[in-house]
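Read the figures in this text as sums done on the coordinates, not as results from a lab. Here the structure is a predicted model, which means the values were calculated and not measured. In this analysis, Cβ positions are derived from the backbone assuming ideal geometry, glycine residues included, and neighbour counts consider all displayed protein chains.
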Amino acid sequence: MLGRIVMESNGMHPRTLAVDIGGSGIKVMVLDHEGHPLTERDRLETPQPATPDAVLEVIQTLAAKQQFDRVSVGFPGVVRRGVTETAANLDAQWIGFDLGTAIEQRLEKPTRVVNDADMQGLGAIAGDGVELVVTLGTGFGSALFLNGKLVPNLELAHHSFRKGETYEQQLGREALDAIGKKRWNNRLGKAIANLEKLFNYDQLYLGGGNSKHIDQELPANVKTVPNVAGLLGGIALWRE
Ligand code: BGC
C-alpha cells in the first residue's frame, strides 16, 4: 500500500509551474507530468510600468505559494533562447532581456520561455495539418503549427490589416474598449477572412481573454479555445 502511494505521488512529478505574462494580468498554474492542472489558476495584476524587475517580483510572489520542479513561461513578445526581443505592451527594458536565466536564478528551477501565443497554441492544437492560433487580449497574438510542430514567433500583430492600422491596433484591447463589441466582432470577421486566404489553414483557434466577447457565427474550421490553454501549453515546452 505504502509503495503504491509513493509511486502515485512520484508519478505526479515533475510538476511544472506554468506562467502566462500578459499586458493586464500575470497568471500561474501548476501542471502534473501529463499537463493536467494540479492547482487553480492564480492571477495578479501586471505591474505598471511592467519592467522586468517589477514583473519578476510578481512572478516570485505567485510562485512562492506553489510547489514545482520546473517553470514554463509564455511572454507577450518575440522570444529566442530565453531572451525577450520585443515587448510591444510591456516596457522597453525587455528588449534583449534574458528572462529564462533571470527566472532560473530567482526561482532556482530549470525554466523555458516562449512567446505567449506559441504557448497558448501548444495547449490548444490537435497536431494535424496547418493550424493557426490567434489570441485576443491586450495584444493580438499569433502562432502557426504544421502537424503539431511550431513555427516560432509568428508575429501578425504589427502587420497592416486595414485602414492604415495593424491587426493589434484594430483588434487589441484598446480597440475593443474604444469601439465596442459589435464593431470589434465585425472587424474580427474581416480578419478571419484575411487570414484564411493568407494561410489556408486547416483549423484556426481563437483564444485569449477577449475571445469571450466573440459573438458571431464562426466558419466550420474556426473554433474558440478557453484562455486557460495559455497555461496548459506549458507542459509542451518540455516535450522533446
Ligand atoms: C506581441 C506578440 C504577442 C501578442 C499577444 C503582441 O503585441 O507582438 O508577440 O504574442 O502581443 O500578447
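Each part gets one Cα centre, and for segment 98-168 versus segment 169-240 those centres are 12 Å apart. Pairs of Cα atoms nearer than 8 Å and 6+ residues apart set the relative contact order; for the chain it is 19 percent. Derived value for the chain: Kirkwood hydrodynamic radius 18.3 Å. Basis is the mean of 1/r over every pair of different alpha-carbon atoms. The label-point distance for VAL83 and LEU198, in a model that sets each label 7 Å from Cα toward Cβ, rounds to 2.7 nm. In terms of distances greater than 21 angstrom between alpha carbons, the cross-link table entries LYS109/LYS149; LYS181/LYS212; LYS149/LYS190; LYS27/LYS182 yield LYS109/LYS149; LYS149/LYS190; LYS27/LYS182. The mean sequence separation of alpha-carbon pairs under 8 Å and at least six residues apart, normalised by the residue count of segment 43-104, gives a relative contact order of 30 percent.
Entry note, segment 125-224: relative contact order of 31 percent, from Cα contacts under 8 Å with a spacing of 6+ residues. Computed from label points 7 Å out along Cα-Cβ, the spacing between ASP98 and LYS182 is 5.4 nm.
If R0 is taken as 41 Å, the Cβ-Cβ distance between GLU165 and GLN105 corresponds to a FRET efficiency of 0.55.
Gain on full extension, evaluated as 0.36 nm per residue between ASP69 and VAL130 minus their Cα-Cα distance, stands at 18.7 nm. Peptides 213-223, 192-202, 80-90 ranked from most to least packed give 80-90, 192-202, 213-223, packing being the mean of other C-beta atoms within 10 angstrom over each peptide's residues.
Each peptide in 166-174, 225-233, 96-104 gets a packing score, the mean of other Cβ atoms within 10 Å over its residues, and the list from highest to lowest is 225-233, 166-174, 96-104.
When the Cα gyration tensor is reduced to axis lengths a ≥ b ≥ c, the ratio a/c is 1.5 or higher for segment 122-240, and with a/b above b/c it is classed as prolate.
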